[in-house]
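Chemist: Got a structure here, written out as structure tokens. Questions coming.
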Amino acid sequence: MQSLAQEIRSFSRARLRQQRTRVTTLSGRRLIETWRGACLQLEEEAEAAPGGGGFVPDLSADLQVGVVKPWLLLGSQDAAQDMETMRKHKVT
């Protein structure tokens with residue numbers, strides 16, 4: 001089993017998957033953000049948001065927890081405050 005330090009040293013940026021992020025502005029414009037090299041590329045999505053509305057707040061709790069190592073978890077503050085989620089991952 002590799003230590004976390006060994007895994008960090010063996011990190012390869014080439015093995016990362018390319019990600020695209022859709023951003024909706026207050027005016028309803030939709031932009032696609034993509035990193036190319038060290039530069040952030042922005043392109044406008046062809047189709048505007050219906051009705052020209054802006055953001056739609058997502059008030060649902062984010063209870064997803066990622067297990068990086070058996071003793072290292074990654075999650076949101078929603079998950080950290082949810083006792084059932086913490087018990088499931090034996091953190092309490």
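The values are calculated or read from the model by the stated rules, or taken from the named source; none is laboratory data. Since we're looking at a predicted model, the values are computed, not measured. Backbone-built Cβ (ideal geometry, glycine too); neighbour counts: all protein chains shown. Keep in mind that these areas ignore ligands, DNA and RNA; they rest on the heavy atoms of the full protein, side chains included. Shrake-Rupley method; radii C 1.70, N 1.55, O 1.52, S 1.80 Å.
Chemist: Convex hull over the Cα atoms of the chain, averaged projected area in nm²?
Modeler: 9.2 nm²
Chemist: Enumerate the calculated ³J(HN,Hα) couplings along region 58-74 in order (Karplus 6.51 cos²θ - 1.76 cosθ + 1.60, θ = phi - 60°), each rounded to whole Hz, writing x wherever the residue is Gly or Pro.
Modeler: So the J values, rounded to whole Hz, are 9, 9, 6, 6, 9, 9, 6, 10, x, 9, 6, 9, x, 10, 10, 10, 10.
Chemist: Would you mind calculating the gained length between Arg9 and Ala61 on full extension (0.36 nm times residue separation, minus the Cα-Cα distance), in nm to one decimal?
Modeler: Full-extension gain reported as 15.3 nm.
Chemist: State the percentage of accessible surface on the chain attributable to carbon and sulfur atoms; use a 1.4 Å probe and exclude ligands, DNA and RNA.
Modeler: Taking all protein chains in place, the chain shows 53 percent carbon and sulfur surface.
Chemist: While we're on this one: With charges only on Cβ, +1 for K and R and -1 for D and E, what is the dipole size of region 4-44 about its Cα centre, in debye, rounded to 20?
Modeler: Here region 4-44 has a charge dipole of around 120 debye.
Chemist: Let me know the Kirkwood hydrodynamic radius for region 4-44, please, with Cα pairs as the basis and the value in Å to one decimal.
Modeler: About 12.5 Å for region 4-44.
Chemist: Rank by packing, highest mean first: peptides 19-30, 74-85, 34-45, with packing defined as the count of other Cβ atoms within 10 Å averaged across residues.
Modeler: 74-85, 19-30, 34-45
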